[in-house]
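Notes for the one structure printed next.
The values are calculated or read from the model by the stated rules, or taken from the named source; none is laboratory data. Computed from a predicted model, the values in this text were never measured in an experiment. Glycine also receives a Cβ, built like all others from the backbone with ideal geometry; neighbour counts cover every protein chain displayed.
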Amino acid sequence: MEGLFITGTGTGVGKTIVSAALLAAMTAEGELVRAYKPVVTGLEDPAEIAARGVWPPDHELLGRMAGMDPGEVAPLRYGPAVSPHLAAELAGERIDPERLLAAAWAIGAGDTTTAPAGTLIAEGVGGLLTPLSDDYTVCDLAVALGLPLLIASQAGLGTINHTLLTLRVARAAGLQVRAVVLTPWPEGPSTMERSNRETIRRMGEVDVAGLGLVEGPDRTALAQAGAELLAELRRERAASR
């Protein structure tokens, strides 16, 4: 299975926009893509709905960019804006890691008659240590899928610590970190933002790219931002060799 696993340094750091931009850009280039997000929470939370603004729920946005049914993108969906394991508990359920893995493999592998295999963009929930069940984290899921990792992180104050901690957890688990993506990366970054980017690159020994601001769920805007991100990731990789 080919693809990327998109994680973040926490909640609300731009994982879904990074994922959607990549899906839109790859689709625009004629590449077959598939999207997967194991769990979505907060679908019925008024504060969460208000915070999304013009953006649809994560699985709907990813499904739209990948040309998939939202229910296929995210097999588990809950109303409260809480961690996945608690959302399941409140619903009288327990998240089964094997079910999550089976869904991911089914989406990534495709079906030769109805849904051929494509590049899988899998997006995690929260950060790597977010629990999906009492003893299974997003990091465990990423390891099981074996996909290279992109880490979405904010550009401003606090991002160095959060990003380096995430890098340490990822590498300790044996994950291959492809790059860090700072988002939204401003057209005119401040001295602090430029310093943050260079410090993460140097101390984390990792490629660092930026995803520009995307105002809303417009496919063209997402595809353009995603294309610029892909080009920057390629330049970063070439420069680090």
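The set of residues in region 137-163 that are assigned to a helix (DSSP H, G or I), closer than 23 Å to GLY226 by Cβ and not hydroxyl-bearing (Ser, Thr, Tyr) comprises VAL138, ALA142, LEU145.
Evaluated against (1) part of a loop (DSSP other than H, G, I, E, B); (2) touching a helix residue (DSSP H, G or I) at 6+ places or on another chain (Cβ under 6 Å); (3) not basic (Lys, Arg), PRO189 falls short on exactly one condition, (2). Residues that are at pLDDT 95 or above and not charged (D, E, K, R) within region 130-143 comprise THR130, PRO131, LEU132, TYR136, THR137, VAL138, CYS139, LEU141, ALA142, VAL143, listed in sequence order.
Mind telling me which of the residues GLY127, GLY118 ends up being at pLDDT below 95, among the small types (Gly, Ala, Ser) and under 27 Å from ALA225 (Cα atoms)? Step through it out loud before you land on a result.
Numbers: GLY127 fails: at pLDDT below 95.
Testing whether each residue is at pLDDT below 95, among the small types (Gly, Ala, Ser) and under 27 Å from ALA225 (Cα atoms) leaves just GLY118.
Taking each residue of region 223-241 that is at negative phi and looking for partners that are surrounded by fewer than 17 Cβ atoms within 10 Å (Cβ to Cβ) and among the hydroxyl-bearing types (Ser, Thr, Tyr) with beta-carbon atoms closer than 8 Å, six or more apart or interchain, yields nothing.
Among the residues of region 110-126, are any of a type in the set (A, V, I, L, M, F, W, C), part of a loop (DSSP other than H, G, I, E, B) and closer than 22 Å to ALA170 by Cβ? Among the residues of region 110-126, not one is of a type in the set (A, V, I, L, M, F, W, C), part of a loop (DSSP other than H, G, I, E, B) and closer than 22 Å to ALA170 by Cβ, which makes the answer no. Among all positions in region 60-74, there is at least one residue which is without any contact (Cβ under 8 Å) to a residue 60 or more places away in the chain and under 17 Å from LEU132 (Cα atoms). Within the bounds of region 193-203, is there any residue that is surrounded by fewer than 12 Cβ atoms within 10 Å (Cβ to Cβ) and touching a residue at least 12 places away in the same chain (Cβ under 8 Å)? The answer is no; no qualifying residue exists.
Inspection of region 29-46 identifies no residue that is over 24 Å from LEU213 (Cα atoms), surrounded by fewer than 22 Cβ atoms within 10 Å (Cβ to Cβ), among the aliphatic types (A, V, I, L, M) and under 17 Å from the mean Cα position of the chain (by Cα). Checking each residue in region 38-64 for being of a type outside the set (D, E, K, R), outside any helix (DSSP H, G or I) and over 15 Å from VAL18 (Cα atoms) picks out PRO38, VAL39, VAL40, THR41, GLY42, LEU43, GLY53, VAL54.
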